[in-house]
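Trainee: Here's a structure for you.
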Amino acid sequence: MTTIKKHLKTALSALAITAGAMMTQSAMAETVMRVGTWLPPTNAQNAVVWPTWAKWVEEATEGRVKIKIEQGLGHPKTMFQLVEDGIIDASFSYHGYVPGRFKLPQVVELPNLNTGAEAASVALWRVYKKYLEKAGEFDGLEVIGMFTHGAGQIHTKAPITSLKDLEGQKIRVGGGIQSVLAERMHVTPVGAPAPKVYEMLQQGVIDGVFLPMMEQKVLRLNEVTTDVVMLPGGMYMGSFSIFVNPEFLEDLDPRDRDAILSVSGEKLSAMAGRAWDAGDAEGVAAAREAGVKIVEVAKGDKMDLEFQQLIKGVDQEWIDSVADRKVDAKGALTELRSIAHAYQAKLDAGE
């Protein structure tokens with residue numbers, strides 16, 4: 001009996017050691033992807049997009065890859081370089097923050113797209129893969145998603161009844177097509193990342209800002225602006241990319257790399273756009289609740305006609321500006337609008 005107990009004890013010890021070793025190997029095999037972010041925790045990107053994608057990644061890799069969000073890493077324009085240098089593994093940023101480098105994705109920012117962010121994001125991703133990727137603007141980065149925020153509108157500290165009322169006013173712009181519009185409106189442009197806008201409005205550094213409606217809630221613009229002009233379809237759609245360090249992906253087990261890519265691309269782009277659309281709806285509600293006066297300009301009304309006159313030639317100006325990229329820019333713009341409109345029609349039909 002004593003011999004049997006000894007053998008049993010030895011067997012159990014061996015099992016414990018084996019299990020412990022397996023657990024240690026499992027822990028060692030777990031990879032953490034460090035994702036840098038720069039927007040407030042309540043923004044759709046941090047509240048919805050990253051948590052949703054993190055869940056997708058963990059499920060797709062069966063828990064072998066987990067996402068860790070890192071905040072406060074500096075100006076959003078530095079995210080591209082931080083990922084290229086391997087300081088962090090992945091991030092996202094706004095193309096307009098780096099003038100001259102990311103011209104092609106700004107095709108989606110051109111006025112008169114007239115869709116929501118989800119439709120615009122899907123169209124941008126598809127056009128990026130078909131037309132724009134070959135230009136190499138993202139060399140050093142692996143792009144895994146493209147998306148837009150909702151339509152950019154005019155938020156001010158005083159009412160405007162005409163676009164001419166903006167002339168000479170200090171307006172924060174984020175770069176990209178916004179800068180072109182600001183120049184044509186003869187405003188005094190002030191550059192700054194979006195998280196700085198509340199303070200700038202509060203201190204009187206700026207008189208207004210071009211941003212989507214979500215920021216009435218997320219950036220609390222409903223506390224520091226009194227008026228919003230919502231043009232039909234907005235003035236522009238701000239464009240963003242989501243990117244990963246290529247070496248990080250290369251170092252992964254191929255099955256995990258493929259798993260991550262399977263829950264990225266169009267799937268990630270659509271989800272991001274959808275989250276930002278929902279944020280816009282919440283922003284409109286927050287603005288109204290706070291007593292912000294919202295003027296919804298109808299198609300054909302005075303300010304809409306002013307805007308349409310203002311943007312004449314913008315499409316061709318953008319096409320000419322990217323001639324050195326050696327891509328079919330006109331074809332990309334035409335197809336982007338076609339994809340976005342068809343996708344939006346399906347959304348509107350509940351499909």
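Trainee: For the charge dipole of the chain, defined by +1 on Lys and Arg C-beta atoms and -1 on Asp and Glu C-beta atoms about the Cα centroid, which residue among 279, 179, 238 has the Cα displaced farthest towards the positive pole?
Mentor: So the residue furthest toward the plus end is 279.
Trainee: Using +1 at the Cβ of each Lys and Arg and -1 at the Cβ of each Asp and Glu in the stretch 38-177, identify which of 169, 117, 76 lies farthest towards the dipole's positive end.
Mentor: The listed residue farthest towards the positive side: 169.
Trainee: Let me ask something else about it. Using 26 Å as the Cα-Cα cut-off, could you pick out the over-long pairs in 196/330; 77/170; 267/346?
Mentor: Beyond 26 Å: 196/330.
Trainee: Another question about this same structure. In whole percent, what relative contact order does the stretch 2-348 give with Cα contacts below 8 Å and a gap of six or more residues?
Mentor: Answer for the stretch 2-348 is 25 percent.
Trainee: Here's another thing I want to ask about it. For the chain, with only Lys/Arg (+1) and Asp/Glu (-1) charged at the beta-carbon, what is the dipole magnitude about the Cα centre, in debye rounded to 20?
Mentor: With Lys and Arg at +1 and Asp and Glu at -1, about 680 debye.
Trainee: Turning to a different aspect of this structure: In Å, what is the Rg of the alpha-carbon atoms in the chain, and how long is Dmax?
Mentor: 23.9, 99
Trainee: I would also like to ask the following. Tell me, rounded to the nearest percent, the portion of alpha carbon pairs in the stretch 47-128 spaced more than 18 Å apart.
Mentor: 59 percent
Trainee: Here's something else I'd like to know. In straight Cα distance, which aspartates and glutamates are under 20 Å from residue 130, not counting same-chain residues fewer than 8 positions off?
Mentor: Cα-Cα hits under 20 Å: 109, 118, 139, 142, 266, 315, 320, 324, 328, 335.
Any read-out appearing in this document is the output of simple, stated calculations on the displayed coordinates, not a laboratory observation. The model shown is predicted, which means the values in this text are computed figures rather than measured ones. A quick note on method: Cβ atoms are made from the backbone with ideal geometry, for glycine too, and the neighbour counts reach across all protein chains shown.
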